[in-house]
Amino acid sequence: MKMPGLQYRGVRNIDGPLLFVDGIRNVSFDELVEIRTPSGELRLGQVLDVSSSSAVVQVFGGSDSLSKAETRTRFLGTSMEIPVSKEMLGRVFDGLGRPKDGLPLPLSAERRDVNGSPINPYSREYPRDFIQTGISSIDIMNTLVRGQKLPIFSGNGLPHNRIAAQIARQAKLLNENVEFAIVFAAMGVKYDVARYFIDSFEQSGVLNNVAMFLSLADDPSAERLITPRAALTLAEYLAFEENMHVLVIITDMTNYCESLREIATARGEIPSRKGYPGYLYSDLASLYERAGRLHGGGGSITQMPILTMPSDDISHPVPDLTGYITEGQIVLDREMFQRGIYPPVAGLPSLSRLMKDGIGKGRTRDDHPHLASQLFAAYSKVKDIRSLASVIGEEELSPADKLYIKFGEVFEHNVVSQGEFENRSIEQSLELGWDALRILPRSELLRVSEQELVQHFDKPVAVNSVQEKV
Amino acid sequence: MQESEVIKTGIISRVNGPIIEARQMASAGMLEVVEVGNLRLIGEVIRIRNEIATIQVYENTTGLLPGEPVYCTGRPLSVRLGPGLLGTIYDGIQRPLQQIAARSGAMIRRGEKAEPLDIEKKWHFKPLLEAGAAVEGGSVYGEVQETLSVLHKIMVPPDVKGSLISMLPEGDYSGETEVCKVRLEDGTERALSLFQYWPVRKPRPVRQRLPLTQPLLTGLRVIDTFFPIAKGGAAAIPGGFGTGKTMTQQALAKWAEAQIIIYIGCGERGNEMTEVLREFPELIDPRSGRSLMERTILIANTSNMPVAAREVSIYTGITLAEYFRDMGYAVAVMADSTSRWAEALRELSGRLEEMPADEGFPAYLPARLASFYERSGRVETLAGDEGSVSVIGAVSPPGGDFSEPVTQHTSRFIRCFWALDRDLANARHYPAISWRNSYSEYLPETSNWWKRQDRDWQNHRDFLMDILQEEVNLQRIAKLVGPDALPEQQRLTLMIAEIIKNAFLQQNSFDEIDMYCSPAKQLWMLRLLVAFSRRAQNIIKAGGSLADLREVPALDKLNRMKSEIDNTDSAAMTSLEQMLLRQLDALERKLKS
Ligand SMILES: Nc1ncnc2c1ncn2[C@@H]1O[C@H](COP(=O)(O)OP(=O)(O)O)[C@@H](O)[C@H]1O
Ligand SMILES: [Mg+2]
């Protein structure tokens, strides 16, 4: 790497968060830039496009109060880096990874490029370890495993933060007693949200095990593009160098994507859907793929990004492209929320792709895969029958269909619905699932085997007795 | 690449993500491979204007500096072909990821180079021709048992014609050893080794294309029975996220009746490649009895790997497929997902500031898609054998909306469309291949094979298909008035359709028995379902009720036969068939009396 270079005075153009600098020499692609405003304030930027004599620079601190004549730029000769160390746990940083808690930078010899490098698929270890979140709708139907990237698709006003905090509080492995280290990244959210998480971590006594990267709503929007990268760079260090199990919570990905759109528009790029750049998919993947486990390594990164779906529309580019990359999604349902169901985890569109290898014999319980499949099948029938009932009236339904309606209610109220501080064991959750199924005629249950019916359907276990055992 | 072959020519003048420009490149050729910058990142020339070349770089360009050199290689982007391909995982430009991991650790370092094929490893070579023999492109002059299930035929490269002037005896040789020499027609000599190169963007030549006649059996009932693909055919699997594209591709890669599988993970998850790497070596091919990994090659350009290499990964994969086809094998290519490839085109095109057509995609998207799917086919090889490349491409339409450009253009170039349905996926009805929106134009070509196994096959298949189509119409009415308002005969149709969905269409990839369904079992299941349906229709006509039918004890067994009766357990099949028919007989007798 070359040495930090000359300082240049004046820029050709300023357009949104972009500066166009002429007459430069020896500037490399992606290089970090220090920008001095006319009043002497320092901001950071990054080279997006460079030719022999000019560069396009994206300013993370925003371009307000910059002037063409008096803006100074200095090219720093490296790409964006942050220090990484275990001492960063328990600390709060800003969106670019600088201390925000008044304490000095952690002493660390090691600085890492926030962009990371792609993990070689050959070097990955396929994630299979079941994480018990204590939330039935997740544990039975959309199981989380260690090293998975599982986002929460939410909407404005829905309780995604409470759910994320509950998961962070309760997540554990069945036969291991290791705590997760938590890396938390906030982009464009209000201070209240950050405060909520801080309080919640404090209450459960884990704050010392949390590193926070905060780029809040009133921070410059371009900074948000760095925030998750800084957080994931630390997470990678902790997971793959220090062999820790890291849970990364990132909120709100929709704000991140809006910043990306802003830059793309300022550069005059040809947009694809809804004005977002065509590379939104690749860009999101460069974040989400920084999760998982490595072969022969002890640690893991489990990612839980949160995004709010504009107008609750799951086909909006942000949730859509996210869903294509992540290993499933927990979708929150506004209608269930309004009926008072917490957590309002939508039964059908939620999915965990890694569930199939993380559950069943030797992992959770033998009957788990079929039970989950049966619950999905039955619940999807409930949805059909409910819409039929809304046409012909519930009284007109056949007796069999009425049972499905009843099953739907029990399922939503006894299985899905639970307390914010209620931590259910996997056995409890599975038994609740069987309890709900028992409302239906045995002959309807084709997704579970005859043997499972004999073992679980025909012999109810009192859920309370399970509870006591745990 | 030998250091000495490389001539320094250009100088970087601009860097814009994966696209760079270089000056002093007047002598470079279109599509020539270049090495860019001090790290010597691999790139390809995609435009030349005056002395400025535009280059797409297959690795991350962070830190590249205008003024750094660009080296020309004089060679188009090529793959290295020969023994050692099978069982390997490559990136989009055929770098072996295992070797890359050995050098740079778990994270892929830029500028890393590794030989695609092990040049040290010795292969047991058996010559099949002697000095004096006339050879031309495609002639098989020797063979190597590459894996226990695949015999690797050593072929004369397509551009060589002449007579053999020497041939080494049977023995163990490394891939670059000159095993024979050919005197070309112009009198010059050309030495051949076990390895050869072929440029990825150029289809390998064949003697002629042949009509498609055989089904590519997949072990998935909804495909084999209802929407079959022919050997040498092209199919698309479009579907929104999480509807089962990858799982279907993986199921096909496991069980399709092909001798070689090329699995291209293009812009998708790293873990999915890891899953294949972990699982395939353990799985046994039901036909060869050998590990599935022995017939499989993986190409991985995962979504976080550089976008330009995504564009090329598809060509790398299909070129490897053609090479094995030329040995006379039936090859199947899975490309997951072709949408990511199209998006890579779009991103690169955007950076080149080309005029966009639909939704930002370049105007040449349909032409590129067409030329990719055109590389599928059943052919007579240069050596006169028969080989085939079947291509199955996943399509990931934004918002699950099939009217978008990639799905639309793709459907013009394939003849088999497996539409994944969000509602089926949500109900965890897998594979979520819709019987309403899917189609196969290969049905006429492939039905002869099935009819040879069972004369009534076509009747049976069409009978069930008719019921499924009728159900679609009846459901429309039932949604308004409730199913109970329909006449008994129509409610029976609904009931039978339900059984077909449960017992036949649905197939769980994780069920130990049902993950693969043999043709014989499919025929039997089909026959049994048709027999049940016809008898049930008669029973209702004769005044019986649905309730009577639901009481038939064997019905539960019928619903569970897919996962309770093994592919080879013909005794159990016969006994269930007899039991069912006996119980229906009894019901009929009861009604008559
Ligand atoms: N044939 C199948 N059998 C069982 N489960 C399936 C099947 N197809 C899909 N699934 C389930 O659906 C999930 C999503 O499928 P996947 O193939 O990853 O979707 P896509 O590639 O379309 O995004 C899988 O993780 C698996 O749980
Ligand atoms: Mg997929």
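Derivation of every value follows stated rules applied to the coordinates shown; laboratory data play no part. In this text the structure is predicted, and so the values were computed from the model without any measurement. Note: ideal-geometry Cβ built from the backbone for every residue, glycine included; neighbour counts use all protein chains shown.
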Roughly what % of DSSP beta bridges within segment B:208-442 run antiparallel, to the nearest 5?
-> 35 percent
Proxy reagent accessibility, fewest Cβ within 10 Å first, across A:Phe153, A:Phe201, B:Phe372 | A:Phe201, B:Phe372, A:Phe153
Ignore the peptide's own chain and count Cβ atoms of other chains within 10 Å of each Cβ in A:17-29; give me the average, rounded.
-> 3
Rounded if a/c is under 1.5, else prolate if a/b beats b/c, else oblate: with a ≥ b ≥ c from the C-alpha gyration tensor eigenvalues square-rooted, which is segment B:388-524?
-> oblate
Set A:Lys361/B:Lys562; B:Lys231/B:Lys501; A:Lys190/A:Lys381; A:Lys274/B:Lys501; A:Lys361/B:Lys557; A:Lys402/B:Lys245, cut-off 29 Å on Cα-Cα distance; pairs above it are A:Lys190/A:Lys381; A:Lys274/B:Lys501; A:Lys402/B:Lys245
Spatially proximal lysines relative to B:Lys541 (Cα-Cα < 16 Å; intrachain offsets below 8 disregarded) = B:Lys590, B:Lys592
Short version: ³J(HN,Hα) in whole Hz for each residue of segment A:211-218, in order, from phi by Karplus 6.51 cos²θ - 1.76 cosθ + 1.60 (θ = phi - 60°), x for Gly and Pro, what are they?
-> 10, 10, 10, 10, 10, 7, 4, 8
What's the angle, to the nearest 10 degrees (0 to 90), between helix A:191-203's Cα axis and the longest principal axis of chain A?
-> 60 degrees
Per-residue mean of C-beta atoms belonging to partner chains within 10 Å, peptide A:264-271 = 3
With Rg and the Kirkwood Rh both taken from Cα atoms, where does Rg over Rh land for segment B:30-87?
-> 1.06
Cα gyration tensor of segment A:7-78 - equivalent ellipsoid semi-axes, whole Å, descending | 17, 12, 11
Scan segment B:408-510 for chymotrypsin sites (Phe, Trp or Tyr not before Pro) in coil per DSSP, keeping those whose Cβ has at most 14 other Cβ atoms within 10 Å, and list them by number.
-> B:Phe510
May I ask what percent, to the nearest 5, of DSSP beta bridges between residues of the protein assembly as shown are antiparallel?
-> 65 percent
If all Cα-Cα distances of the protein assembly as shown are sorted into 10 Å bins from 0 onward, what percent lands in each bin, rounded to whole numbers?
-> 2, 10, 18, 22, 20, 14, 9, 4, 1, 0, 0
Total lysine pairs whose alpha carbons fall under 18 Å of each other in segment B:119-197 (8 or more apart, or interchain) | 7
Helix A:426-437 sits at what angle to the longest principal axis of chain A, using alpha carbons and giving 0 to 90 degrees rounded to 10?
-> 50 degrees
The computed P(r) of segment B:471-539 puts the percent of Cα pairs beyond 20 Å at 42 percent
With axes computed from alpha carbons, what is the tilt in degrees of helix B:270-279 against the longest principal axis of chain B, rounded to the nearest 10 within 0 to 90?
-> 70 degrees
So for B:Lys161, B:Lys153, fewest C-beta neighbours within 10 Å to most, what's the order?
-> B:Lys161, B:Lys153
Convert each backbone phi in segment A:358-371 into a coupling constant with the Karplus relation 6.51 cos²θ - 1.76 cosθ + 1.60 (shift: θ = phi - 60°), then list the ³J(HN,Hα) values in order as whole Hz, x for Gly and Pro.
-> x, 10, x, 3, x, 10, 10, 8, 3, 7, 4, x, 5, 4
Segment B:465-593: C-alpha gyration tensor shape, a/c 1.5 cut-off, then a/b vs b/c | oblate
Could you give me the radius of gyration and the Dmax of segment B:204-323, taking only the C-alpha atoms into account and expressing both in angstrom?
-> 15.0, 41
Over all Cα pairs of segment B:208-442, the Kirkwood radius sets Rh, and Rg/Rh then becomes 0.95
With a 10 Å Cβ neighbour count serving as the proxy for reagent exposure, in which order, fewest first, do B:Val391, A:Val448, A:Val56 appear?
-> A:Val56, A:Val448, B:Val391
Quick one: which of B:235-243, A:349-357 comes out on top by average Cβ neighbours within 10 Å, and what's the full order, highest first?
-> B:235-243, A:349-357
Over chain B, the sum of -39500 (n - 2.57) across DSSP H runs of at least four, divided by residue number and rounded to 500 deg cm²/dmol, gives at 222 nm -10500 deg cm²/dmol
Cα centroid separation, segment A:125-193 to segment A:335-378 (Å) | 15 Å
Calculated P(r) tail over 14 Å for segment A:218-278, as whole % of Cα pairs | 63 percent
Determine ³J(HN,Hα), in whole Hz, for all residues of segment A:60-77 in sequence, where each value follows from phi through the Karplus function 6.51 cos²θ - 1.76 cosθ + 1.60 and θ = phi - 60°; x replaces Gly and Pro.
-> 6, x, x, 9, 5, 6, 7, 10, 4, 7, 9, 7, 10, 10, 10, 8, 8, x
Cα gyration tensor shape for segment A:82-358, rounded if a/c is under 1.5, else prolate or oblate = rounded
Taking every residue of B:10-16, the Cβ atoms of other protein chains inside 10 Å of its Cβ average out to 5
Most packed first (mean Cβ within 10 Å per residue), the peptides B:100-106, B:492-498 order as B:492-498, B:100-106
Cα-based convex hull volume of chain A per residue, rounded to whole Å³ = 158 Å³
Using only the Cα atoms of chain B, construct the convex hull and provide its projected area averaged over every direction, in square nanometres to one decimal.
-> 29.8 nm²
In µm²/s, what is D for segment B:76-199 at 10 °C and 1.306 mPa s, where D = kT/(6 pi eta Rh) by Stokes-Einstein and Rh is the Kirkwood radius from Cα pairs?
-> 102 µm²/s
